[in-house]
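All of the numbers you see were taken from the coordinates with simple rules; none came from a lab. Fair warning: this is a prediction, and the values are worked out from it, not measured in the lab. Positions of Cβ are generated from backbone atoms using ideal geometry, with glycine treated the same way; all protein chains shown enter the neighbour counts.
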Amino acid sequence: MNDNACKSGSGLEKKLAAGGFAVTAELGPPKSADIDAIAKKAACLKGVVDAVNITDNQTAIVRVSSIATAKLALDMGLEPIMQMTCRDRNRLAIQADVLGAYLLGIRNMLCLTGDHQCFGNHADARYVFDLDSLQLVRMVKRMRDDKVFACGQDIRTSKKSEPKEPRMYIGAAANPFGDPFEFRAARLEKKVKAGVDFVQTQCIYDMDRFSRWMEHVRDRGLHRACKILAGVTPLKSAGMARYMRDQVAGIIVPDDYVKRMADAKDPKEEGIRICVEQIERIRQIEGVAGIHVMAIEWEEKVAEIVEKAGLRKNGE
Amino acid sequence: MIVAEQKPMEEIVALVAGHKRVLALGCGGCVTVCLSGGQREVSTLASIVRLGCRMTVEEATLERQCDAEFFDAVREQAERCDAILSLACGVGVQMAARLFPGKPVYPALNTRFMGTNDGAGQWSENCLACGDCSLGVFGAVCPVARCSKSLLNGPCGGSANGMCEVDPERIECAWQLVHDRLKALGRMDVLDAIAEPRDWSKTHSGGPRRLSREDMADLR
């Protein structure tokens, strides 16, 4: 067991600490109070992956809150990774929600800066960004390990009572594809210093760049200091491939994949095939501790991808 | 300087509608420099309002509207008008209102930001007046004002080819600039340190700010 082991009671932490290759997926909460939509997605992922990210107003579009969906997912038999962004909450609200989430049984948390609100459906909203993702990681770590709030006060009900701190397994995102490239591994090192236990990367299409980033990561020894889960997103169509290539900052899609998707008789099948190939290549890279499958509004395909890539959870 | 731009004419017309004699009041400070509220703009706007609203529009431009002493020059003129249309920034508009308590004062401009002139008709934001200047740390590029998310430990994943995802055509990634500056200065070590959360109480989050300087009070 390494230094990070079992700080939280998270199943994901236990598996990664024991040297297991983890598989996580993503469950995007619905845009209405529709519990059936959550149940349907949860059913697709149950028993298939080790933990499931519950997104937090993803792309700045209002959805069922990540904390509520995470609790529902937990009740439906999944292990949730509650995502939390700095866009919508200041340090008071975040700490209150971390306390609450812990009481609800949530043990994993992914600390994000958050997409700018200009990309969502409330572009005229006021943002918060009281903290950035690094400061958020450090704050949640200090809550867990030092049992103090951001202001330095002890996390306890009264002066006479024992501290009762929220113990989260702390994750963050890493983007090997943003610029400046040479600073990307250095920024991960800062997240490690801030106290991150695991990171999930932005979805990978440019395998060469990812490999180079992992070299930087290994040179700094970061793969030993935190668990790195490589992100993949199966392409559904040539249109989606082009959109990801041309419209989404921080994602690089090589033309070869766009061409394969455009030429395919069955683009969906081709998208799955590409995704499985990617996972197989990623598994060859030293220092990768798991795969994060972000099948956007395509949760029903996660089991197939995991199966074809030989990552079946129950088969271990 | 404080950068401002004129409001749409329909909005200005709607504000002054119903008055008979209006004082169009310019400012010789920042808004003169950024060509939105100086003598020339006062003259142009006054002509349009006269024609469009069929009212008398007097004109004057003060050295500065953020300082009470300069208003003495227009006190009589202001008294005989039944409203003031200020072409100052929001600061000047409120100073006019403070000095003429019984008189309606309307803004003719939208105050946009504190920034630099980047060429003919081009300005960009550089300072948020956060009250705790970190330019000395970040290579004299301000991430608080110039990063779309005010990140202190950037860049985020939305930086591509030196530009910010919020507007890749127009907004430079502040963190690319910080990175490039510190690299040129041989100070990349600065970026290894984690910047602590800001004390936002020194911004407007701490309530409207005031500054008192005892040394200056003594001089008066």
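Remarks
- Any hit, region B:187-208, residues being touching a Leu at 6+ places or on another chain (Cβ under 8 Å), at the interface with chain A (Cβ under 10 Å from one of its Cβ atoms) and surrounded by 20 or more Cβ atoms within 10 Å (Cβ to Cβ): yes
- Scanning region A:131-157 for residues that are at the interface with chain B (Cβ under 8 Å from one of its Cβ atoms), part of a loop (DSSP other than H, G, I, E, B) and touching a helix residue (DSSP H, G or I) at 6+ places or on another chain (Cβ under 7 Å) yields A:Leu131, A:Ala150.
- Qualifying positions in region A:165-197 - closer than 21 Å to A:Glu79 by Cα, of a type in the set (A, V, I, L, M) and buried (at least 24 other Cβ atoms within 10 Å of the Cβ): A:Met168, A:Ile170, A:Ala172, A:Val196
- If you go through region A:201-232 and keep only what is more than 23 Å from B:Asn161 (Cα to Cα) and within 14 Å of another protein chain (Cβ to nearest Cβ), you end up with A:Arg220, A:Leu222.
- Residue in region B:167-179 that is among the acidic types (Asp, Glu), in contact (Cβ under 8 Å) with a residue 12 or more places away in the chain, at negative phi and surrounded by 15 or more Cβ atoms within 10 Å (Cβ to Cβ) present: yes
- When A:Gly290 is tested against (1) in contact (Cβ under 8 Å) with a residue 40 or more places away in the chain; (2) farther than 22 Å from A:Lys15 by Cα, just one condition goes unmet, and that condition is (2).
- Counting only helices (runs of 4 or more DSSP H) wholly contained in region A:235-310, the ones carrying 2 or more residues that are surrounded by 16 or more Cβ atoms within 10 Å (Cβ to Cβ) and under 20 Å from the mean Cα position of the chain (by Cα) occupy A:267-283, A:302-308.
- Selection status of A:Gly120, surrounded by fewer than 23 Cβ atoms within 10 Å (Cβ to Cβ) and within 14 Å of chain B (Cβ to nearest Cβ): yes
- When region B:67-115 is limited to residues that are farther than 19 Å from B:Ala14 by Cα and β-branched (Val, Ile, Thr), the one that is surrounded by the fewest Cβ atoms within 10 Å (Cβ to Cβ) turns out to be B:Val91.
- Residue in region B:6-25 that is closer than 20 Å to B:Asn117 by Cβ and exposed (fewer than 14 other Cβ atoms within 10 Å of the Cβ) present: no
- Top-ranked residue in region A:15-59 [being of a type in the set (D, E, K, R) and assigned to a helix (DSSP H, G or I); ranked as surrounded by the most Cβ atoms within 10 Å (Cβ to Cβ)]: A:Lys41
- Residue list for region A:158-191, filter: of a type in the set (Lys, Arg), farther than 21 Å from A:Asp97 by Cβ and within 12 Å of chain B (Cβ to nearest Cβ): A:Arg184, A:Arg187, A:Lys190
- A:Arg63 within 14 Å of chain B (Cβ to nearest Cβ) and not hydroxyl-bearing (Ser, Thr, Tyr): no
- A:Val128 passes every criterion in (1) crowded, with 21+ Cβ neighbours inside 10 Å; (2) within 12 Å of chain B (Cβ to nearest Cβ) apart from (1).
- Residues being assigned to a loop (DSSP other than H, G, I, E, B), free of Cβ contacts under 8 Å to residues at least 60 places away in the same chain and within 18 Å of A:Cys111 (Cα to Cα) - total across region A:65-90: 6
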